[in-house]
1. Name the trypsin sites (Lys or Arg not before Pro) in region B:98-186 that are in a loop by DSSP and that have at most 16 other C-beta atoms within 10 Å, would you?
2. Specify whether the C-alpha gyration tensor of region A:69-134 places it in the rounded, prolate or oblate class, a ≥ b ≥ c being the square roots of the eigenvalues: rounded for a/c under 1.5, otherwise prolate if a/b is larger than b/c and oblate if not.
3. Mind listing the long-range amide H neighbours of B:Val201? Cut-off is under 5 Å, sequence gap 5 or more, other chains count too, H placed in the peptide plane at 1.01 Å from N.
4. Only counting other Cβ atoms within 10 Å, I'd like A:Lys203, A:Lys115, A:Lys124 sorted with the fewest neighbours first.
5. Per DSSP H run of n ≥ 4, the term is -39500 (n - 2.57); total these for the protein assembly as shown, divide by its residue number, and report the mean residue ellipticity at 222 nm rounded to 500 deg cm²/dmol.
6. Residues of A:74-87, mean number of Cβ from any other protein chain within 10 Å of their own Cβ, rounded to a whole number?
7. For region B:53-60, what does the Karplus curve 6.51 cos²θ - 1.76 cosθ + 1.60, with θ = phi - 60°, yield as ³J(HN,Hα) per residue in whole Hz, taken in order and with x for Gly and Pro?
8. For chain B, what is the relative contact order in percent, using Cα pairs closer than 8 Å and at least 6 residues apart in sequence?
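A short reminder: the numbers here are calculations on the coordinates, not readings from a lab. Because the structure is a prediction, the values reported are computed rather than measured. For neighbour counting, all protein chains shown are included, and Cβ atoms are generated from backbone atoms with ideal geometry for every residue, glycine included.
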Amino acid sequence: MTRQFHHQLDEMRKHVLDMGEMAKRNLLNGTKSLTDLDVALAEEVIALDASLNKMDVSLEAEILNLIARHQPMGTDLRTLGASLKIITYLDRIGRYGYDIAKVTKEFGGKSHVRKLVAIPLMAKTVGEMVDNALLAYKTSQAQPAREVFAMDETVDALYDQVFRQCVTFMLEDPATISQCAHYILVARHLERAGDNACKVAEKTKYMITGERRLPNY
Amino acid sequence: MPILESKNLNIYFGEKHVLKNVSLAVPEGSITAIIGPSGCGKSTFIRAINLMHDLTPNARVDGEIRYSGKNIYTRETNATELRSRIGMVFQKPNPFPTLSIFENVAFGPRLQGASRSELKEIVERSLKQAALWEEVKHRLNAPATELSGGQQQRLCIARALAVKPQVLLMDEPCSALDPIATGKIEDLIQELKGEYTIVIVTHNMQQAARVSDYTAFFYMGELIEFGETKQIFEKPRDDRTEAYITGRFG
């Protein structure tokens, strides 16, 4: 019974990792669809969001089933408790990809005000944050999760940069307002995705060490 | 001051060293669970609190068990008196088979010299405390053996409570009971908390997690870890505790 439980727990962890990869891919592809103004890619991301949602629902059921059947303790309990939260954060990260893909579609044939630099960089950084958090989750080593919090500062700084640049553009040329408003929205989505990656890291760290990180406010 | 405290407690059965240097303080009014694999010494420990090894041939006890600050392992200790202060409930319900429900509960107080009217009052109070009164109040003179296993166990708890102990020791009190009867005993344990100090030995970790404030993990005669139940089951400090509670032992 116990061996079967630990096998099921390992399977559940693999499913969480799969979900994390999918969430990250959706966020990166959503951003790429905007950068390249690739509507077909945006459609793909939008379609994949439903699969991500299904994974969230089925993993929640899987986790609750394991808790109900085995009443786990110690690391096992923390793994299941943390995973139950992590899947919500991953779902949100993927959902931001969907939201950005929607923006791509709303661009409606308009071109970019200028080549996008900070927004793809934000997405790349958030992708690395998710990678680090998932690596910690996979290997039960807290160090990669700790690095995520420092990376989030880069994302926040990039968000400020996009915001300021957009305001400048809009003041200089009101014809750019529509695009710039979208850029600010997208940067905000990416900044929030970064925060969710931090939550994944935080819960993973709790799963590994049993220590809870108090919020900085 | 803890109501119960063992200090460097060692117990030997012949050559076998079954309890090794156990030092453990039980806070008053709390519920302390003792968990550990079979043969880890948890029952040996709880029985030592009730001086039960006095009856075991070849048993030797070294170290101290302090009850209300006084070592009970001295010649001055009156075992009968001590057992009226520290009651015990066993794995299998063991009511006196030839006595009625009433007489089972009245047995201890009668020995202590309670009057007939006092006995009536004590029996009713004890059965109420043991959450059995409503089920037996119309058949107090029926033989105790007519009761179900769960009811018999609550009767044994009522019998232990009748002599007004301060401490209640429970050695696997639910292992012979079905989940409904187990639930009733667990509810009862919660209700008795505060007024009594309860030490419960259990094989069932989930039960320890459900009912206790503190948990002690024993392994191979040693106390490995003692702490708040929440901490033991969420984030144990010792790898052996972690291995045991997650079923990764051995």
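1. Here the trypsin sites (Lys or Arg not before Pro) that fit, given the DSSP loop and packing criteria, are B:Lys137, B:Arg139.
2. oblate
3. B:Ile34, B:Met170, B:Asp171, B:Glu172
4. A:Lys115, A:Lys124, A:Lys203
5. -20000 deg cm²/dmol
6. 3
7. 6, 4, 8, 8, x, 6, 7, 9
8. Reported relative contact order: 28 percent.
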